[in-house]
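In what follows, a structure is listed as C-alpha cells, so that the remarks can point back to it.
The values are calculated or read from the model by the stated rules, or taken from the named source; none is laboratory data. Keep in mind the model is a prediction, meaning the values are calculated, not measured. As a convention, Cβ positions derive from the backbone with ideal geometry for all residues, glycine included, and neighbour counts pool all protein chains shown. Keep in mind that these areas ignore ligands, DNA and RNA; they rest on the heavy atoms of the full protein, side chains included. Shrake-Rupley method; radii C 1.70, N 1.55, O 1.52, S 1.80 Å.
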Amino acid sequence: MKYILFLTTILLLSCKKNENLKNSIEVIEETKSVTEILGTLNKKDTITFLDLSNKKIDSLPDLSEYIIIKLDLSNNNLDSISAEKLPKGIKTLIATNNQIKSFKSLNYEGFLMKYKNSNLNLEEIDLSFNKLENISIAVSDAKLHGKACKLKKVNVSNNNLNTISFGGDLKYLDISNNPKIMPDVFFEVEKIDTLIQNNNPYKIKTKRIPKPGPIICYFN
C-alpha cells in the first residue's frame, strides 16, 4: 500500500511539473507583427521571454494583462515607456536603441510623500542608447510596507542623463557616456559591486542629508 501511495505521489508531482512547463513559453517571432504575436498569446500562460525587438513600434501596446518575465523592446521607435502598460510580474526589461527620454517606475510611500504609477518590481533594466534625461525606480521600504525593491542591474549608458534615482540593493550600474549627468545621488553608491561611469564629466557620489540638530528655544 505504501508503494502505491508513493508512486501515486510521484505521478501527481510529475503531471504538475509538466503542466507548469507547458504553461511557460518563450516567444520569438521575427517575421510576425506585434498584433499577430499578441493574438497568439494566452493571458494565463507564463511567458518567460517575449521578443518585440525590431518591430518599428512607435507606442507600447498594453501588456499589463500578460504574465511576462523578460521583455525585449530594443531597436524600435519608442519615445516613452508607460509603466502602467508593462506586464505584471516582469523582472527584466530591455529597450536599447529607442528614443526614450524618461522612465519612471515608482511604488513609494514614505513619511513625507507618496507616489505610485506601477506595481512593478524590476530586477534588471537596460535602457542604453536612448535619449534618457532622467530615470527613477523605487519601491516602498520593506520595513514599513513589507515590499523590498529587487533592482540589481541597470544599464543606462549612452544617454543624456541629468538625474538618476534607484532603490534596492544595486549590484551593477553602467552610466557611461552621459555628458550631462550630475554628481549627487541619493542612493548608496559605495554598495554597488560594479559601477561603470566612463566618459562622464563627474563621478557620482552619495549626497548625505544632514541630520537635524537640536531645537533651541529662547524664553524672555
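Solvent exposure of LYS205, expressed as accessible area, is near 110 Å², computed with a probe of 1.4 Å over the protein chains only. Computed with a 1.4 Å probe over protein heavy atoms only, the accessible area of PHE49 comes to about 40 Å².
With the simple spin-label model, which puts each label point 7 Å out from Cα in the Cβ direction, the LEU195 to ASN162 separation comes to 2.3 nm. Given the pairs LYS55/LYS207; LYS88/LYS153; LYS43/LYS104, which span a C-alpha to C-alpha distance of over 31 angstrom in this model? Checking Cα-Cα distances, LYS55/LYS207 exceed 31 Å. The listed residues ILE81, ILE28, ILE69, once ranked by accessible area (1.4 Å probe) with the largest placed first, stand as ILE28, ILE69, ILE81. Percent of Cα pairs in region 144-199 per distance bin of 10 Å, from zero to the largest separation: 23, 54, 18, 4.
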